[in-house]
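The values are calculated or read from the model by the stated rules, or taken from the named source; none is laboratory data. As the structure is a computational prediction, the values presented were derived from the model and not from experiment. Quick reminder, even Gly has a Cβ in these numbers, built from the backbone with ideal geometry, and neighbours come from all protein chains shown. Side chains are part of the model used for accessible areas, which takes the heavy atoms of the whole protein and leaves out ligands, DNA and RNA. Shrake-Rupley method; radii C 1.70, N 1.55, O 1.52, S 1.80 Å.
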Amino acid sequence: YPTEPDDHPAVGYWVPDVTIDTPTHGVQRIAQLARDGRPILLDFTHGGVLANSLDASSPALNVVTGTPTEPVDFTAVLVRPDGYVAWASSEANPTTDALERTLAHWFGLTPAAHAR
């Protein structure tokens, strides 16, 4: 998929189906977490920085915090229902600006639709 120059290198590629240890779902692969066909934001940051800024109960977006059980090149990743990465960050505390633009572009979600 086309990407912007400042996008994370994972954007536009299929997300690796790594195993994640989550507090609410136990140990699962990304494919298992994405079964319902909704976009999924995987937040691997310390303390769930992004998950805490978004409404995890939104019916339009799955928000999952956890720890990957194998190395990954990102601290957070937004995965489209088709398995492709729409947005990713490797920052310890990513800002939500680019994430919010991506949520609006791909899924029509405005900040008010998913903000706490």
Segment 35-89: C-alpha gyration tensor shape, a/c 1.5 cut-off, then a/b vs b/c: oblate
Inter-label distance for ALA104 and THR69, nm, one decimal - labels placed 7 Å from Cα along Cα-to-Cβ: 3.9
Cα gyration tensor category, rounded, prolate or oblate, for segment 8-68 with a/c compared to 1.5: rounded
Net +/- balance of residues flanking GLY37 in space, Cβ distance below 14 Å, scoring K and R +1, D and E -1: +1
Selected from PRO23, PRO68, PRO81 as most flexible by GNM, with the chain as the system and alpha-carbon contacts under 10 Å: PRO23
Once the Cα gyration tensor of the chain is diagonalised, semi-axes √(5λ) in Å: 18, 16, 14
Total charge dipole magnitude, the chain, about the Cα centre, Cβ charges on Lys, Arg, Asp, Glu only, Debye to nearest 20: 360
Separation of the TRP14 and GLN32 label points, Cα + 7 Å toward Cβ, nm: 2.0
Helix-only [θ]222 nm of the chain, DSSP H runs n ≥ 4, -39500 (n - 2.57) each, per residue, nearest 500: -4500 deg cm²/dmol
Whole-percent carbon and sulfur share, accessible surface of the chain, 1.4 Å: 53
